[in-house]
1. Residues being under 14 Å from residue 133 (Cβ atoms) and surrounded by fewer than 19 Cβ atoms within 10 Å (Cβ to Cβ): count how many of those fall in the stretch 69-85.
2. State yes or no: is residue 117 more than 16 Å from residue 66 (Cβ to Cβ) and surrounded by 13 or more Cβ atoms within 10 Å (Cβ to Cβ)?
3. Looking only at the stretch 121-156, count how many residues are more than 19 Å from residue 60 (Cα to Cα) and part of a strand (DSSP E or B).
4. Take residue 106 and tell me if it is under 25 Å from residue 70 (Cα atoms) and modelled with pLDDT of 95 or more.
5. Condition test on residue 100, is it without any contact (Cβ under 8 Å) to a residue 24 or more places away in the chain and under 22 Å from residue 42 (Cα atoms)?
6. Has the stretch 72-81 got any residue that is modelled with pLDDT under 95 and touching a Gly at 6+ places or on another chain (Cβ under 8 Å)?
7. Condition (residue is assigned to a loop (DSSP other than H, G, I, E, B) and either of a type outside the set (Val, Ile, Thr) or buried (at least 20 other Cβ atoms within 10 Å of the Cβ) (or both)) applied to the stretch 90-98: is it met by at least one residue?
8. All but one of (1) in contact with a Leu (Cβ under 9 Å, 6 or more places away or on another chain); (2) within 19 Å of residue 39 (Cα to Cα); (3) small (Gly, Ala, Ser) hold for residue 114; which doesn't?
Amino acid sequence: MAAFYTLELNGVSGTSGTTGTVDGLPVIKSVATLGSQARLRVARGSYTLTGTGVTTADTLNIAIMPSGAIFQWGQIASGVSLATSTVAIGITGTTGKYRAAAVFTAVDTPTPFGVAAIMANQTPLTGDERIIGTIAVATLPVTGQSLVIQMVYSNG
């Protein structure tokens, strides 16, 4: 039976999916630059859905992920259904980088998100990223409830 290696263990040839033995490979890497055995950090953006409604022409400034960060996953929670409003989470120019535009109707249920290709990316950010939420289809509700978006990343 073949043994396959993850990107974090580098495989025998440094390529994910290669086969071989673990001889000579450390069980825990001495550095966490690829996210293996790394410390997790959380950048959080919390909003109270009151006052002026966030419309489809608006963006939410959520957080800054610093240079050197590797995205692990995100989490969204809301005290009210966002109904038909869609929220994409990403950066200017790639608004769905971390979460494609979608409705969010779960109430008080923290829900993880992440694009697999981005979560599997082992290249640390080369510069700070301003994480934004892009609203489409309908204005966010104005109910006084909270909307919380968390970005979980590692940076060694």
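1. 2
2. The answer is no for residue 117.
3. 2
4. no
5. On the way: without any contact (Cβ under 8 Å) to a residue 24 or more places away in the chain: yes; under 22 Å from residue 42 (Cα atoms): yes.
Against the criterion (without any contact (Cβ under 8 Å) to a residue 24 or more places away in the chain and under 22 Å from residue 42 (Cα atoms)), residue 100 qualifies.
6. Going through the stretch 72-81, the residues modelled with pLDDT under 95 turn out to be 72.
Among the residues that remain, those that are also touching a Gly at 6+ places or on another chain (Cβ under 8 Å) are: 72.
Taking every residue of the stretch 72-81 in turn, at least one turns out to be modelled with pLDDT under 95 and touching a Gly at 6+ places or on another chain (Cβ under 8 Å).
7. Checked against the condition, which is being assigned to a loop (DSSP other than H, G, I, E, B) and either of a type outside the set (Val, Ile, Thr) or buried (at least 20 other Cβ atoms within 10 Å of the Cβ) (or both), the stretch 90-98 yields at least one hit.
8. (1)
The values are calculated or read from the model by the stated rules, or taken from the named source; none is laboratory data. These figures come from a predicted structure and were not determined experimentally. Neighbour counts are summed over all protein chains in view; Cβ atoms, including those assigned to glycine, are modelled from backbone coordinates with ideal geometry.
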